[in-house]
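Take a look at the structure below.
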Amino acid sequence: MWGQIRIMVQTCLRYARDEISLTDIHALLSKEEIRTLESGRTWHKMKASPFGLYLTNVEYPPDIFV
């Protein structure tokens with residue numbers, strides 16, 4: 001799981017910049033290893049910069065530890 005959050009943030013940023021589609025994200029989540037997305041683009045696992053990326057709060061449902 002090392003770097004997973006940074007990969008997820010970078011994927012969201014790429015989606016926001018129209019570099020990948022929602023269909024591409026669904027394909028990434030449904031397959032264990034993928035090199036070419038349904039849109040025909042090649043997938044490169046990229047990480048977002050760690051600067052400014054930090055955890056501020058964690059919340060759990062009240063009944064989770066009952």
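The values are calculated or read from the model by the stated rules, or taken from the named source; none is laboratory data. Since we're looking at a predicted model, the values are computed, not measured. Cβ coordinates were reconstructed from backbone atoms using ideal geometry, including for glycine residues, and neighbour counts include every protein chain displayed.
If Leu29 satisfies all but one of (1) surrounded by 10 or more Cβ atoms within 10 Å (Cβ to Cβ); (2) at pLDDT below 80; (3) not in a loop (DSSP other than H, G, I, E, B), what's the number of the condition it fails?
(1)
Take Thr36 and decide whether it is surrounded by 10 or more Cβ atoms within 10 Å (Cβ to Cβ), in contact with a strand residue (DSSP E or B) (Cβ under 7 Å, 6 or more places away or on another chain) and modelled with pLDDT under 75.
Working: surrounded by 10 or more Cβ atoms within 10 Å (Cβ to Cβ): yes; in contact with a strand residue (DSSP E or B) (Cβ under 7 Å, 6 or more places away or on another chain): yes; modelled with pLDDT under 75: yes.
Here the answer is yes, as Thr36 does meet what is asked.
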